[in-house]
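Notes to accompany the following structure.
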Amino acid sequence: MCRNALKNGQWTIEDKEEVKLLKVYLKLTEQEVEVGKKIKDAQAALEKHALNKYKTLTETEIKTLLVEDKWMATLERDVKTEMERISHRLTGRIKELAERYEATLPSLSNEVDVLEKKVSSHLKSMGFVWK
């Protein structure tokens, strides 16, 4: 940037565009810092508000929060995940068994007979006698 401007004292169109983009970038960077500070302040305020609220909770409300909202939700999620895992495993196993037993015994026997005849004819042509 600005190498041509240093040589002849004039700015090219590219130099002007680059300066314009750098100013926009600088402004956006400053806005990013400001937004980051606002987020940090909002999180701190939320944590402070939550801590103050915890002090005013009754024993029943605490039990509700812990048992029903936290533990039960976790247990429910874990049970669903385990059921899905078992279901996927079972489905995979069923597909595997279906593929394994796809061919029936009569069709396999017929195929063996055909292949046995081919092997016998090849052995005969090579001079071997197979009984």
List the residues whose amide H sits under 5 Å from the amide H of Thr12, counting only those 5 or more places along or on another chain, with H placed 1.01 Å from N in the peptide plane.
Ala5
Per DSSP helix of 4 or more residues, -39500 (n - 2.57); summed, then divided by the residues of the chain. What does that give at 222 nm, rounded to the nearest 500?
-28000 deg cm²/dmol
Taking the Cβ of Glu84 as the center, what net charge do the other residues with Cβ under 13 Å away carry, scoring Lys and Arg +1 and Asp and Glu -1?
+1
Taking the Cβ of Lys27 as the centre, find all other residues whose Cβ is under 14 Å away and add up their charges (Lys, Arg: +1; Asp, Glu: -1).
-1
Where does the charge balance sit around Asp41 when Lys and Arg score +1, Asp and Glu -1, over other residues with C-beta under 12 Å from its C-beta?
+2
How much length would be gained if the chain were fully extended between Leu66 and Ile13, taking 0.36 nm per residue of separation minus their Cα-Cα distance, in nm to one decimal?
12.6 nm
Near Lys48, which lysines are there with a Cα under 23 Å away, not counting those fewer than 8 places off in the same chain?
Lys37, Lys38, Lys40, Lys63, Lys70
Rounded to whole Å and sorted largest first, what semi-axes of the equivalent ellipsoid does the C-alpha gyration tensor of the stretch 67-130 yield via the square root of 5 times each eigenvalue?
58, 10, 5
With θ set to phi - 60° and the Karplus curve 6.51 cos²θ - 1.76 cosθ + 1.60, what are the ³J(HN,Hα) couplings of the stretch 56-73 in order, to the nearest whole Hz, using x for Gly and Pro?
9, 6, 8, 4, 5, 5, 5, 4, 4, 4, 6, 6, 6, 7, 9, 5, 5, 5
If you consider only alpha-carbon coordinates, what radius of gyration and Dmax does the chain have, in Å?
38.9, 104
Can you work out the accessible area per residue across the chain, with the rest of the protein chains kept in place, probe 1.4 Å, in square angstrom?
98 Å²
When the accessible area of the chain is split by element with a 1.4 Å probe, what percent falls to carbon and sulfur?
61 percent
Filtered hits (lysines, Cα-Cα < 26 Å from Lys117, offset >= 8 within chain) -> Lys131
Largest first, please: the extent of the C-alpha atoms of the stretch 32-95 along each principal axis, to the nearest Å.
56, 42, 6
Efficiency of FRET from Cβ geometry, Leu90 and Val114, R₀ 41 Å, rounded to 0.05
0.65
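The values are calculated or read from the model by the stated rules, or taken from the named source; none is laboratory data. Since the structure is predicted, the reported quantities are computational estimates derived from the model, not experimental observations. So basically every Cβ, Gly included, is an ideal-geometry build from the backbone, and we count neighbours across all protein chains shown. For the accessible areas, the whole protein counts, side chains as well, though only heavy atoms, and no ligand, DNA or RNA atoms are used. Shrake-Rupley method; radii C 1.70, N 1.55, O 1.52, S 1.80 Å.
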